[in-house]
Amino acid sequence: MTSGRLDARSVAAVLARVSESRPRVQCLTNTVAQNITANMLLAFGAIPSMAIHVDEVAAMAEGAGAILINIGTINAESELAIPKLLEAARDRGKPLVFDPVFVELSPLRRHIARQVLRLRNLVVRGNATEMAALAGELDAAEGVTRVTTGKVDRIERGQSHFAIHHGHPLMTRVTGVGCAAGALIAACCAVEPDPAVAAAAALTAYGIAGEIAAKRSRGPGSFAVELIDALAGIDEATLAQHMAG
């Protein structure tokens, strides 16, 4: 396995393409994360859509640049909507990011995860516990990009990988910040054909925004606001300053 590293110019180039093309990300996501996910996408230069109704998700996904499925607060309607999104991703060639929140705790979540992981070439973003719970399914999945987030974010696809050493502990103390990361990855996947590079660019920018926000904030409440501002202000010079170490 070979290790990859993105420089500030490469990350900035991906972010610039997001800002220029303003991809819409169709998010079927955690209800407690909807607001912060939408705000992070807007700060990033993308457009959020949060359709959940089974009779419209396919239409909403058809014109989207990428799709996010997050099972943090799965319910009967979203369970029925997920196959529609998988069909849209498969038939229209849409990048899809899957966040298997708490998959280790519920047979229903494991069942849904197995369905999603039948899709080829998707990105799976989870913490170490979630990714371990899906190890067998991930090993069998075709073309999957594994994004394991934590103190160090690790991205694996085929024989290459990235390790992202940015972020701040306050990012774990605000509801929805982790879930929003999947949406930012999806936005980058909409403009970058290599999903590992897309994930690395998104998490590098997000982690650096977290470091900046932590310096400006007084605690978790103000951190959430500062994180949106910091993400909106990320540019190549800021990236270079924080990636110099």
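Readers should treat all values here as calculations from the given coordinates under stated rules, not as data from a laboratory. Computed from a predicted structure; not experimentally measured. Here Cβ is always computed from backbone atoms with ideal geometry, including for glycine, and neighbour counts include all displayed protein chains.
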*If R0 is 45 Å, what FRET efficiency do you get for S21 and T129 from their C-beta distance, rounded to 0.05?*
0.80
*Please report the Cα spread of the range 174-222 along all three principal axes, rounded to whole Å, starting with the longest.*
39, 18, 12
*Based on DSSP H runs of at least 4 residues, each adding -39500 (n - 2.57), what is the mean residue ellipticity at 222 nm of the chain after dividing by all its residues, to the nearest 500 deg cm²/dmol?*
-15500 deg cm²/dmol
*Roughly what angle does helix 34-44 make with the longest principal axis of the chain, taking Cα atoms, 0 to 90 degrees, to the nearest 10?*
50 degrees
*In degrees, nearest 10, range 0 to 90: what is the angle between the Cα axis of helix 107-116 and the longest Cα principal axis of the chain?*
80 degrees
*Which of V97, V147, A33 sits closest to the plus end of the dipole of the range 2-239, meaning its Cα is farthest towards the positive end, when Lys and Arg get +1 and Asp and Glu get -1 on the C-beta?*
V147
*asked:* Can you tell me, using C-alpha contacts under 8 Å and at least 6 residues apart, the relative contact order of the chain as a whole percent?
replied: 24 percent
*Would you mind computing Rg(Cα) / (2.2 N^0.38 Å) for the range 110-167, counting N as its residues?*
1.10
_Please state the shape class of the range 161-201: rounded when a/c is under 1.5, otherwise prolate if a/b exceeds b/c and oblate if not, all from the C-alpha gyration tensor._
oblate
*Nearest-5 percent of antiparallel DSSP beta bridges in the chain?*
30 percent
*asked:* Would you work out the Kirkwood radius for the chain? I mean one over the mean of 1/r across all pairs of different Cα atoms, in Å.
replied: 17.6 Å
*asked:* Can you tell me the orientation of helix 76-92 relative to the chain, as the angle in degrees between its alpha-carbon axis and the longest Cα principal axis, to the nearest 10?
replied: 80 degrees
*Rounded D (µm²/s) - the range 189-245, Kirkwood Rh over Cα pairs, Stokes-Einstein at 20 °C, 1.002 mPa s*: 179 µm²/s
_Please report the projected area of the range 21-114's Cα convex hull averaged over all directions, in nm²._
5.7 nm²
*Answer rounded, prolate or oblate for the range 45-189, using the Cα gyration tensor with square roots of eigenvalues a ≥ b ≥ c: rounded when a/c is under 1.5, else prolate when a/b is larger than b/c, else oblate.*
rounded
